[in-house]
Amino acid sequence: MKDLFVDILGKPFGIVLFQLLDATQFTIYLSLIAFVGGGIIGLLVTSARMAPAKSLQRISTAYTWLFQSVPLLMLLFLLGLGMPRLFAINVDPWVAASLALTLYTSAYLSEVWRGALVAIPHGQAEGGKALGLTMPQIFLLIIVPQAFRLAIAPTVGFLVQIIKGTSLAYIIGFHDLMSIGKRWANSPVPGTQPFVIFPMMAMIYFALCFPLSVWSRRLEKRLGSSSAKGGAHAA
């Protein structure tokens, strides 16, 4: 495959582009790990914030505030560089990057989902009570489906932020698109100057993020218009 790139683009561009695209897969893997792991933890945190127990609400709120307030770069430093020195242990860059991005993602997704749940009018729950439904039934059958429609667009949109956030993981030795690109940009090979490499990297990030941004906007318009129609019919 590398030879094909070289035959089409020549050296060094063929080799550079091949290596950048090859490294992109690790950017995608890390983004998916953060999104899935953060989604699972975020769901638990959201459930705790909506629970009737005050202690769970305080703990989950403190968790959200903590990981929303700490910059992602700082999390990467602490987990990828600080912990190994402090506890004299080896932390694989994959583990450190995945954990930092998962914690970061979970805090923001939990806030998005909590906001979607809170945005549902109280009249929906009252209508469920009038129909004789229990609170768990009201929550699962009435509240959650409507909150899902509100949350799906910003959730997809936040995936763009996760992909862009992975570009910081190179500072702890994670080999992804940014890491390989910076290595080539700093190399003495003619034709690999930063003004050549960085635009190539930007185009790859654009190719990853732009479709998700468009999808998020379309979902927002479609689901927003559906909600507006539903509200008009209800009125």
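The values are calculated or read from the model by the stated rules, or taken from the named source; none is laboratory data. Note that the structure is predicted; figures quoted are calculated from it, not measured. Because the Cβ atoms are built from the backbone with ideal geometry, glycine has one as well, and the counts that use them run over all protein chains shown. Please note that ligands, DNA and RNA were not included when accessible areas were found on the heavy atoms of the full protein model with its side chains. Shrake-Rupley method; radii C 1.70, N 1.55, O 1.52, S 1.80 Å.
Data table
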item	result
Cα-centre dipole for the chain with unit charges at Cβ (Lys and Arg positive, Asp and Glu negative), debye to 20	580 debye
Using θ = phi - 60° and Karplus 6.51 cos²θ - 1.76 cosθ + 1.60, couplings along the range 87-92 (whole Hz; Gly, Pro as x)	9, 6, 10, 8, 10, 5
The range 43-127: C-alpha gyration tensor shape, a/c 1.5 cut-off, then a/b vs b/c	prolate
0 to 90° range, to nearest 10: angle between helix 93-118 axis and the chain longest Cα axis	30 degrees
Pairs of lysine residues in the chain - Cα separation under 30 Å, sequence separation of 8 or more or cross-chain	10
Segment W65-V144, extension gain: residue separation times 0.36 nm, minus the distance between their alpha carbons	26.1 nm
Calculated FRET efficiency for the pair L81/C209, C-beta based, R₀ 25 Å, to 0.05	0.35
The chain: calculated mean residue ellipticity at 222 nm from DSSP helix runs of at least 4, using -39500 (n - 2.57)	-26000 deg cm²/dmol
Charge dipole of the range 91-235 about the Cα centre (unit charges at C-beta), most positive-ward option of L117, Q146, A96	Q146
Net charge of Cβ neighbours under 13 Å - reference I197; Lys, Arg +1; Asp, Glu -1	+2
Solvent-accessible ranking of R218, R49, largest area first, probe 1.4 Å	R218, R49
Shape of the range 27-168, Cα gyration tensor, a/c cut at 1.5	prolate
Burial order of peptide ranges 24-33, 81-90, 184-193, 157-166 (average beta-carbon count within 10 Å, highest first)	157-166, 24-33, 184-193, 81-90
Phi to ³J(HN,Hα) by Karplus 6.51 cos²θ - 1.76 cosθ + 1.60 over the range 133-144, Hz, x for Gly, Pro	7, 7, 4, x, 5, 4, 5, 7, 9, 10, 6, 4
Exposure ranking of D22, D176 by accessible area [1.4 Å probe, largest first]	D22, D176
Under Karplus coefficients 6.51, -1.76 and 1.60, residue-wise ³J(HN,Hα) of the range 57-66 in Hz, glycine/proline x	5, 5, 5, 5, 5, 5, 4, 5, 4, 4
Choice from K182, K129, K221 with maximal GNM fluctuation in the chain (Cα, 10 Å cutoff)	K129
Cut-off 15 Å between beta-carbons: net charge of the residues surrounding Y108, Lys and Arg +1, Asp and Glu -1	+2
GNM result for the chain, Cα springs below 10 Å: residue of L79, L66, L101 fluctuating most strongly	L66
